[in-house]
Structure formats: structure tokens, C-alpha cells
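Following: one structure in C-alpha cells, then a few remarks.
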Amino acid sequence: SSKTKRGQWKLSFSIIDDSMETSTTVVWFARQQQQLPEFQQAGDVVSLQNVQTNWWDGSMQLASRYGSAVVVVRKAKEDAWVYSSPPMSVEGEPLDPERSKELWNWGQNRLSSQPTILEEARFVIGDLPGRNS
């Protein structure tokens with residue numbers, strides 16, 4: 001996260017689902033750093049509400065605005081799920097916990113089949129020069 005010229009906190013993150021060919025950047029603004037969404041790992045489920053669409057540098061992005069809301073859903077352990085804020089949908093109804101679980105599982109499967117980093121960019125700390133084996 002970083003601060004804007006206007007003194008707001010800003011966090012950029014990427015989202016993807018089967019309906020999109022590439023990832024979409026989301027830019028989230030908050031008055032206080034604690035109001036920014038918190039992610040634990042790639043594959044966390046994100047529900048965005050009342051965001052606006054912008055074009056930046058030739059690509060579409062989503063941005064928060066007054067009245068926007070975000071919920072991050074993640075698996076805590078075994079069958080326990082954590083919601084970052086009250087899990088409400090756009091219509092004000094609770095998010096469907098089964099749908100959240102399906103999306104989380106989809107994200108984990110996608111990550112295993114389509115890594116987020118190029119193979120040639122990967123390294124193991126133990127393989128760095130100067131490290132004793």
C-alpha cells in the first residue's frame with residue numbers, strides 16, 4: 001500500500017475469473033490504512049461492490065469510490081472460513097458460503113495449473129550464490 005497525493009491510502013491488486021482472458025487491476029482507496037482489504041494468499045475470494053470502471057494505460061481497471069465495499073474470503077483451516085468484513089452481497093444479502101468455498105477451490109486449482117510467476121523467474125533461496133549447502 002502507499003499514500004496518494006491527496007493523503008488517501010491506496011492498494012492495487014489483481015483479480016481473475018473464468019469470464020476474463022487476463023487479470024484486472026483493482027485500485028482500492030481508503031482514508032486509513034486499516035480500511036484497506038487484507039489478503040493472506042493468492043486465491044483468496046474477493047467480492048467487490050459499487051466500484052467504478054476506469055481505463056488506465058490502455059487497460060480496464062476497477063476502482064473504489066464513495067460507497068464501495070470489499071469482502072475478502074479465505075480458508076482459515078480445515079473447514080473454517082474467514083470473512084474480512086460482514087459478508088454481504090451487492091443486494092445486501094449474505095454471501096453464499098457454499099459459493100465462496102467453490103470460488104476459493106477454483107482459485108486454488110487455477111493457481112496449481114497456471115502459476116502466477118514465470119518458471120524462468122523462480123529461484124530457491126538455497127541456490128543463491130554464496131550460500132553453503
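Nothing in this text is a laboratory measurement; each read-out follows from the coordinates by a stated rule. Given the structure is predicted, the values throughout are model-derived calculations rather than measurements. Note: ideal-geometry Cβ built from the backbone for every residue, glycine included; neighbour counts use all protein chains shown.
Given R₀ = 30 Å, what would the calculated FRET efficiency be for ARG6 paired with ALA42, taking r from the Cβ atoms and rounding to 0.05?
Between ARG6 and ALA42 the formula returns 0.50.
Applying 0.36 nm per residue to the separation of TYR66 and GLN108 and subtracting their alpha-carbon distance, the gain on full extension is 12.0 nm.
Can you tell me the relative contact order of segment 15-81? Whole percent, Cα pairs under 8 Å, sequence separation 6 or more.
32 percent
Taking 7 Å steps out from each Cα toward its Cβ at GLN52 and ILE125 produces label points 4.3 nm apart.
Could you sort the peptides 39-50, 67-78, 17-28 by per-residue average Cβ neighbour count (10 Å cutoff), highest mean leading? Don't jump to the answer; show the numbers that get you there.
Working: 39-50: 16.4, 67-78: 14.8, 17-28: 12.6.
Averaged packing, sorted descending, gives the order 39-50, 67-78, 17-28.
Taking a sphere under 15 Å around the Cβ of THR22 and counting the other residues whose Cβ falls inside, with K and R at +1 and D and E at -1, yields a net charge of -3.
In a shell of Cβ-Cβ distance under 15 Å around LYS10, excluding LYS10 itself, what net charge do Lys and Arg (+1) and Asp and Glu (-1) give? Working shown, then result.
Values: positive: LYS3, LYS5, ARG6, ARG31, ARG65; negative: GLU38.
Surrounding charge for LYS10 is +4.
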